[in-house]
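Following: one structure in structure tokens, then a few remarks.
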Amino acid sequence: STRIVLASRPDGAPTTDNFRLEVVSLPELSEGQVLIRVIYLSLDPYMRGRMSTAESYADPVEIDEVMVGGTVGQVVESRHPEFPAGDYVLAYAGWQSHAVVDGRHLRKLDPAAAPLSTAVGVLGMPGFTAYSGLLKIGQPKAGETVVVAAASGPVGSAVGQIAKVKGARAVGIAGGPEKCAYVLEKLGFDAVVDHRAPDFAEQLRAAVPDGIDVYFENVGGAVAAAVLPLLNLYARVPVCGLIAQYNDTAAPEGPDRLPGFFSRVLVKSLTIRGFIQSEFVPEMFADFQRDVAAWIAEGRFAYREDFVEGIENAPSAFIGLLEGRNFGKLVVRVGEE
Ligand code: NDP
């Protein structure tokens, strides 16, 4: 098996030196296990957290251990009755070409029902993050304004499109003209603002003439600072991710924004609620799959994937994800379908 391990912990933005490619042999199968060959490896922002020892909701990857990650694969050898050789499965096999995994942690995939890669994208974890966080915490109502950044990515694109299905006005924030055009034209958002524009805060204000009722927080940093004064009375803020801050090594320069933030929370009666999508899986995953599959079939829901070839290119692709170099759900093609 070819695999990528964590070689060292990053200080600030990760570099390719933080990763190491290895070729190893795999253990024999025990009862209940299967050997899978990985076809698609999902690269996601949360992996930055796993590279670090900072406190998080999950343990870090240890040095010299395989980087974690969601994968789509095919069973090659099986000692589990429910997953015979040939089956396609969703697993958490990590950054490697082959893996021995416990059958208890697998979900069977039907390649005829949807493209296999969507199991780690629009019909998988990122799509579900948008669905659960927006509907459970954001609770958009018809006519309200929903704002989301990283709007061309798998979470943000789904947030805006679900907001539209619910009759709300969707305003996206994205980096650069190409992504902005996609968000407006292909995803059907009502407006989009480029966060790299020098007058971003003014453009955002102009794009939300009725203020903001739901801010789905994907990025933090300067985007969040521009959003805060625009939040309406009783606005809801599902706090999903803070990607603009993941590589920070120190608090930002400048005045302490915390008193101003809490003052806003008080005077506008804001609801700010962090979440990790897994919290809502038992309650909502089946509804999510049914709804999003139907919306795609009805042509009301678009998605975009950004494929990178070869596991050896996973580190540089992941580093690019944190800088916005991906365009769509970032997936590494590790093997043929
Ligand atoms: P994306 O594929 O959208 O990739 C991240 C995007 O973030 C980049 O492409 C870039 O887009 C944008 N970005 C990066 N830096 C900045 C910045 N400084 N300011 C503004 N935008 C920036 O990622 P996902 O859709 O997979 O994830 C989106 C967010 O959701 C992340 O914060 C992630 O951690 C979080 N998440 C949380 C989960 C949970 O359970 N709570 C589960 C899954 C994801 P652009 O070029 O447009 O700026």
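For the chain, please report how many Lys pairs fall under 29 Å Cα to Cα, leaving out neighbours fewer than 8 apart on the same chain.
24
Could you give the length gained on full extension between Val23 and Ala250, defined as 0.36 nm per residue of separation minus the Cα-Cα distance, in nm?
Here the segment from Val23 to Ala250 would lengthen by 78.1 nm.
Which residues in the range 97-114 place their backbone N less than 11 Å from a point set 7 Å from the Cα of Glu82 along the Cα-to-Cβ direction?
103-108
Normalised by the residues of the range 43-189, what does the relative contact order come to in percent, with Cα pairs under 8 Å and at least six apart?
13 percent
What nm value, rounded to one decimal, do you get for the distance between Tyr234 and Phe307 when each label is placed 7 Å out toward the C-beta?
4.7 nm
Roughly what percent of Cα-Cα pairs across the range 125-278 reach past 27 Å?
Cα-Cα pairs of the range 125-278 separated by over 27 Å account for 15 percent.
Counting alpha carbon pairs within less than 8 Å and at least 6 residues apart, what relative contact order, in whole percent, applies to the chain?
Over the chain, the number comes to 18 percent.
With an 8 Å cut-off on Cα pairs and a minimum separation of 6 or more residues, tell me the relative contact order of the range 125-278 in percent.
23 percent
How many angstrom lie between the C-alpha centres of the range 103-124 and the range 47-91?
Cα centroid of the range 103-124 versus Cα centroid of the range 47-91: 14 Å apart.
Of the residues Leu123, Leu228, Leu134, which exhibits the maximal mean-square fluctuation in a Gaussian network model of the chain defined by a 10 Å Cα contact cut-off?
Leu228
Could you give the distance between the Cα centres of the range 280-302 and the range 8-26, to the whole Å?
Centre-to-centre (Cα) distance: 35 Å.
For the range 89-199, what value does the Rg/Rh ratio take when both radii are computed over Cα atoms and Rh is the Kirkwood radius, given to two decimals?
Radius of gyration relative to Kirkwood radius: 1.08.
With viscosity set to 1.306 mPa s and temperature to 10 °C, compute the Stokes-Einstein D of the range 55-150, Rh being the Kirkwood radius across alpha carbon pairs; µm²/s, no decimals.
99 µm²/s
What Kirkwood hydrodynamic radius do you get for the chain when you take the inverse of the mean 1/r over all pairs of distinct Cα atoms, in Å?
Computed over the chain, the radius equals 20.8 Å.
Each reported figure results from applying straightforward, stated rules to the coordinates on display, with no laboratory input. Please read all numbers here as calculations on a predicted model, not as lab measurements. We place every Cβ from the backbone using ideal geometry, glycine too, and count neighbours over all the protein chains shown.
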